[in-house]
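Okay, structure first, notes after.
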Amino acid sequence: MPNSEKKLGLWTSTSLVAGNMIGAGVFLLPAAMASFGSIGLLGWVFSAVGSFFLAKVFSNMSKLLPHATGGPYAFTRYGLGDFAGFLVAWGYFLSTSCACAAITKSLVSALSTFFPALASGLPAIATGLCAIWLLTYINTRGVVTSGKWQLVTTILKILPLVLVAFGGLFFLQAKNFSPFNSSGTSTYGAISTTAAMTLFSFIGIECATIPAGSVENPKKTVPRATLLGLLIATLVYILGSVSVMGLIPAAELAKSQTPYADAAAIIYGNNIRYWVSAGVAIAAFGALNGWTLMQGQMPFAVARDKLFPAIFSKQNKKGVPYMGILLSSTLVSVFMSMNYSKGFVEQFRFLLLLSLLSMLIPYLLSAASYLIIKVKNKQADGWLGAVFLAIVAFGYALWNIVGTGKDAVYYGFVLLMMSVPFYVWVAYQKNKKQ
């Protein structure tokens with residue numbers, strides 16, 4: 001176990017949460033939501049409130065189980081047993097692998113602004129592979145090295161967002177916020193859709209809980225980092241969306257390929273576009289770094305409990321579960337390459353859709369486990385508040401799972417059930433050795 005000098009502090013843990021949440025996709029969301037009208041801002045607020053309840057669940061459980069490495073997996077296993085914990089770990093591992101592949105493509109796409117040859121083909125694949133394996137190397141150097149990179153990249157990618165978010169407030173035009181609802185659906189329908197779209201920008205609120213064993217004073221640091229990271233991301237998201245929507249008419253915004261760059265050009269001049277594109281690249285690079293760290297920590301925690309193959313529990317001399325990172329980076333490389341092959345694009349999109357569903361299942365089961373963990377820890381104080389928190393967080397996660405659509409839920413269930421034979425084999429081996 002790393003000593004106190006080689007652990008993550010408050011700011012590096014916070015950057016892990018905020019950095020993993022703020023990916024390259026947020027730079028495109030204002031354009032994607034433009035067709036709904038300014039009602040989309042309520043979607044952001046709804047997602048932020050719902051995510052707060054989930055973040056509070058993770059914060060409270062990190063106080064109850066401060067040294068439980070694995071975050072949602074550890075909480076679910078402690079509350080609901082080995083099988084539920086295994087399902088969370090299985091889904092989370094596959095989900096983050098697909099997500100990392102998508103983030104890598106966003107990184108290469110942003111770099112193509114400066115190097116047009118990276119738009120497609122072998123140069124794009126080669127650049128993506130270089131990014132994946134560079135960050136694989138960095139993450140095998142220890143959590144502190146990875147944490148420092150995460151802190152730097154988080155600051156750098158937030159800068160262009162902050163420049164637009166706060167600078168744009170002085171250039172807002174009220175007419176650009178009309179009409180309020182142009183979606184063609186009811187107010188409830190529009191809010192539900194935009195809330196589902198913005199929810200994915202809040203994926204990552206659990207990230208400080210996953211490497212808890214490598215965090216300094218996790219009982220205090222993890223809860224603070226979780227809520228602080230959520231606060232930073234929420235302010236950037238909402239203020240940024242207000243500024244972009246207030247600067248660019250909805251009709252133009254809906255067609256924009258670079259909404260933040262277009263808004264920045266209005267405020268600071270055309271030369272700023274390249275800086276915003278650089279911010280997109282840094283956002284993707286930072287998010288990929290943070291999720292690469294997760295790819296090692298989650299399987300490590302599961303393997304330590306003998307629910308994943310023992311190879312995932314292997315550590316190098318710096319205490320890093322390197323085999324999990326290497327194996328997951330190999331999987332990410334395959335998925336990323338698939339996205340550049342016309343014959344596999346649809347398959348990749350299907351995997352990505354399932355990954356989004358798989359991210360919500362750990363949230364759902366963690367909320368369900370919260371009350372059980374309080375009972376096991378014999379904590380009677382604040383019981384009424386805990387019940388309210390668990391119900392709201394569970395309901396919010398379930399509502400979003402339904403919102404992913406019938407196909408995602410159907411195939412996502414099949415994907416989870418495919419892991420059952422693997423669990424039976426692992427459980428057999430575990431009991432055989434006892």
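The values are calculated or read from the model by the stated rules, or taken from the named source; none is laboratory data. All values reported here derive from a predicted model rather than from experimental measurement. Reconstructed Cβ throughout: ideal geometry from the backbone, glycine too, with neighbour counts over all protein chains shown. Heads up: the accessible areas ignore ligands, DNA and RNA and are worked out on the full protein's heavy atoms, side chains in. Shrake-Rupley method; radii C 1.70, N 1.55, O 1.52, S 1.80 Å.
Loop-resident trypsin sites (Lys or Arg not before Pro) (DSSP state other than H, G, I, E or B) in the range 97-194 with no more than 15 further Cβ atoms inside 10 Å of their Cβ: Arg141.
Counted over all Cα-Cα pairs of the range 1-142, pairs farther apart than 17 Å make up 75 percent.
Suppose R0 equals 35 Å. What FRET efficiency, 1/(1 + (r/R0)^6) with r the Cβ-Cβ distance, do Lys219 and Ala174 give to the nearest 0.05?
Values: r = 47 Å, r/R0 = 1.35.
Using R0 = 35 Å, I get an efficiency of 0.15.
Comparing Gly240, Gly319, Gly128 in a Gaussian network model of the chain, where Cα atoms under 10 Å apart are tied by springs, the biggest mean-square fluctuation is seen for Gly319. When you count the other C-beta atoms within 10 angstrom of each residue and take the mean per peptide, 271-279, 75-83, 285-293 line up highest first as 285-293, 75-83, 271-279. Bridgeable lysines around Lys105 (alpha carbons under 16 Å apart, same-chain partners fewer than 8 residues away excluded): Lys342. Span-like helix criteria (full DSSP H runs; alpha carbon extent of at least 15 Å along the helix axis; mean Kyte-Doolittle hydropathy of at least 0.5) are satisfied in the chain by 10-21, 40-64, 82-111, 121-139, 143-167, 187-199, 218-247, 273-304, 322-338, 345-376, 383-403, 406-417.
Using a/c under 1.5 as the rounded threshold, could you call the range 129-174 rounded, prolate or oblate? The axes a ≥ b ≥ c are square roots of the C-alpha gyration tensor eigenvalues, and prolate needs a/b larger than b/c, oblate otherwise.
Details: a/c = 6.86, a/b = 2.95, b/c = 2.33.
Prolate, since a/c reaches 1.5 and a/b exceeds b/c.
Of the options (i) 21.1, 70; (ii) 33.1, 134; (iii) 21.5, 78, only one is Rg and Dmax of the Cα atoms in Å as computed from these coordinates, and that is (i). Between Ala190, Gly43, Leu8, the Cα set farthest toward the positive side of the dipole of the chain (charges on each charged residue's Cβ, about the Cα centre) is that of Leu8. Test of understanding: what is the full-extension gain from Asn270 to Phe166, defined as 0.36 nm times their sequence separation minus their Cα-Cα distance? Extra length available between Asn270 and Phe166 comes to 35.6 nm.
Accessible area of Tyr137 (1.4 Å probe, protein heavy atoms only, ligands and nucleic acids ignored): about 130 Å².
With a/c under 1.5 counting as rounded, go ahead and sort the range 352-434 into rounded, prolate or oblate using the C-alpha gyration tensor (a ≥ b ≥ c being the square roots of the eigenvalues; past the cut-off, prolate if a/b is larger than b/c, else oblate). Because a/c hits 1.5 or more and a/b fails to exceed b/c, the range 352-434 counts as oblate.
Go through Lys148/Lys314; Lys56/Lys306; Lys157/Lys220; Lys219/Lys378 and tell me which ones have a Cα-Cα distance over 19 Å in this structure. Kindly include the intermediate steps, with their values, before the conclusion.
Values: Lys148/Lys314 23 Å; Lys56/Lys306 29 Å; Lys157/Lys220 27 Å; Lys219/Lys378 17 Å.
Pairs exceeding the cut-off: Lys148/Lys314; Lys56/Lys306; Lys157/Lys220.
Need one word for the range 162-222: rounded, prolate or oblate. Basis is the Cα gyration tensor (sqrt eigenvalues a ≥ b ≥ c); a/c below 1.5 gives rounded, then a/b vs b/c decides. Could you put the intermediate results ahead of the total?
Working: a/c = 5.06, a/b = 1.82, b/c = 2.78.
Oblate, since a/c reaches 1.5 and b/c is not below a/b.
Counting only protein chain heavy atoms and rolling a 1.4 Å probe, the accessible areas of Thr226, Thr12 rank, largest first, as Thr12, Thr226.
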